[in-house]
2 protein chains.
Amino acid sequence: MHYTRDNMAGLLRSHDINPTHQRIEIAHALFSRQEHLSADQVMAIVNTRHSETSKATVYNTLKLFLEKGLVREVIVDPSKVFFDPNTGPHHHLYEVDTGKLSDIDAAHVQISGLPPLPPGMVTEGIDLIVRIRRKA
Amino acid sequence: MHYTRDNMAGLLRSHDINPTHQRIEIAHALFSRQEHLSADQVMAIVNTRHSETSKATVYNTLKLFLEKGLVREVIVDPSKVFFDPNTGPHHHLYEVDTGKLSDIDAAHVQISGLPPLPPGMVTEGIDLIVRIRRKA
DNA sequence: TCCGGAAATTAGACAAAGTCCAGATTGGTG
DNA sequence: CACCAATCTGGACTTTGTCTAATTTCCGGA
Ligand SMILES: [Mn+2]
Ligand SMILES: [Mn+2]
Ligand SMILES: [Zn+2]
Ligand SMILES: [Zn+2]
């Protein structure tokens, strides 16, 4: 699958998001790259040619995408949140030195032996992060 | 085991940390409670009676404790880092609504099927976070 | 005890990520 | 065109964390 700006409007609509120019640009930044991007990086990408989108709109839009389940949040770096266009079940590999973040397909990973949840609680998600670095 | 201020000096020395008044207070805040605390919370605890320790010292000290392996960092909330006096192998249960963070003993949890690491890389740690919330 | 220097602490300026708000713009409808 | 709701905007603001230059504390030797 290959994400063009034209595709984006349909993708947004299918997630109950009104497709505006700014929202299409932001979605395109994430989905065409299929990378984990911070708000700052999204802002830079969207405003490369000429300034098009304000900081407030970038943050508001990313939060909207999150609420609508179009993207996922990855909390791995204490200084910034990453937004992930891959919402399928997967885990993360994080290079602590470089900040490079990559996906681990959850299909073959198995987690067992977790204790029962406190009553009245449901799991919202399980985040598994493998932190790696260059051998000393 | 029961952590008093008097114990703290020995604990610090055993981790190659020169025990100063401020460091003892900060270690005591963490170890006597055995809770996950943010820098802000540590600051508030240490300065309850009368102001004793500056913000710079709180941050410097927590970073020092981290480098020396006395505490561990837990990155789970996008807005602040938690410091964890429990450095043994364990995972975390995070209540997204309340921000409550609790430990899951790693003894019975098994993670299998992780892909091989890229060559020349070593694992620094595996963080498993179970995000839960109150049932709708 | 006094001195010198290293280690530690400090206040406060600074930086970066993210939030908030009141006003302006947009886009559809009658 | 006029109206209204949704969206977008600049910029002030907040919070978390970092940095620095000056001060204080600590300790070993004279
Ligand atoms: Mn989806
Ligand atoms: Mn230890
Ligand atoms: Zn991912
Ligand atoms: Zn813990």
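The values are calculated or read from the model by the stated rules, or taken from the named source; none is laboratory data. Just so we're clear, the structure is a prediction, and the values are computed from it rather than from any experiment. For neighbour counting, all protein chains shown are included, and Cβ atoms are generated from backbone atoms with ideal geometry for every residue, glycine included. For accessibility, only protein heavy atoms count, side chains too; no ligands or nucleic acids. Shrake-Rupley method; radii C 1.70, N 1.55, O 1.52, S 1.80 Å.
What residue among A:Thr57, A:Thr48, A:Thr20 shows peak mean-square fluctuation when chain A is described by a Gaussian network model with Cα springs under 10 Å?
Greatest mean-square fluctuation among the candidates belongs to A:Thr48.
Can you pull the one-decimal nm distance between simple spin-label points at B:Ile126 and B:Lys68, each 7 Å off the Cα toward Cβ?
3.0 nm
Using label points projected 7 Å from each Cα along Cα→Cβ, tell me how many nm separate A:Thr20 and A:His50, to one decimal.
Distance between the two pseudo-spin positions: 2.0 nm.
Ignoring any ligand, DNA or RNA, what whole percent of the accessible area of the protein assembly as shown comes from carbon and sulfur when the probe is 1.4 angstrom? Don't jump to the answer; show the numbers that get you there.
On the way: 7380 of 15170 Å².
In the protein assembly as shown, the share of accessible area belonging to carbon and sulfur is 49 percent.
Which pairs, out of B:Lys68/B:Lys135; B:Lys80/B:Lys135; A:Lys135/B:Lys135; A:Lys55/A:Lys135; A:Lys68/B:Lys68; A:Lys80/B:Lys135, put more than 32 Å between their alpha-carbon atoms? Write out the running numbers ahead of the final one.
Values: B:Lys68/B:Lys135 40 Å; B:Lys80/B:Lys135 26 Å; A:Lys135/B:Lys135 44 Å; A:Lys55/A:Lys135 39 Å; A:Lys68/B:Lys68 42 Å; A:Lys80/B:Lys135 29 Å.
Violating the 32 Å Cα-Cα cut-off are B:Lys68/B:Lys135; A:Lys135/B:Lys135; A:Lys55/A:Lys135; A:Lys68/B:Lys68.
Going by the alpha-carbon gyration tensor, a ≥ b ≥ c the square roots of its eigenvalues, is the protein assembly as shown rounded (a/c under 1.5) or, if a/c is not under 1.5, prolate (a/b greater than b/c) versus oblate?
Judged from the Cα gyration tensor, the protein assembly as shown comes out prolate (a/c at least 1.5, a/b above b/c).
Using only the alpha carbons of chain A, what is the convex hull's orientation-averaged projected area in square nanometres? Could you put the intermediate results ahead of the total?
Details: hull surface 45.4 nm².
The Cα convex hull of chain A, projected and averaged over all directions, gives 11.3 nm².
What accessible area per residue comes out for the protein assembly as shown, rounded to a whole number of Å², with a 1.4 Å probe? Please report the intermediate quantities before stating the final value.
Numbers: 15170 Å² over 272 residues.
Ligands and nucleic acids excluded, the figure is 56 Å² per residue.
GNM on chain B, C-alpha springs below 10 Å: top fluctuator among B:Ala39, B:Ala29, B:Ala107?
So, out of B:Ala39, B:Ala29, B:Ala107, the one fluctuating most is B:Ala107.
Between rounded, prolate and oblate, where does the range B:5-83 land on the alpha carbon gyration tensor, with a ≥ b ≥ c its root eigenvalues, rounded for a/c under 1.5, else prolate if a/b exceeds b/c?
Note, shape of the range B:5-83 comes out oblate.
Divide by every residue of chain B the summed helix terms, -39500 (n - 2.57) for each DSSP H run of at least 4, and state the resulting mean residue ellipticity at 222 nm, rounded to the nearest 500 deg cm²/dmol.
Per the formula, -10000 deg cm²/dmol.
Looking at chain B as a GNM with Cα springs under 10 Å, which of B:Arg49, B:Arg23, B:Arg33 has the largest mean-square fluctuation?
Of the options given, B:Arg49 has the highest mean-square fluctuation.
How far apart, in nm, are two points set 7 Å out from the Cα along the Cα-to-Cβ line at A:His2 and at A:Ser112?
Placing both labels 7 Å beyond Cα along the Cβ direction yields 4.3 nm.
Contact order normalised by length for chain A, with contacts defined as Cα pairs under 8 Å and 6 or more residues apart; what percent is it? The partial results should precede the final answer.
Values: 154 pairs, mean separation 25.2, N = 136.
Relative contact order of chain A: 19 percent.
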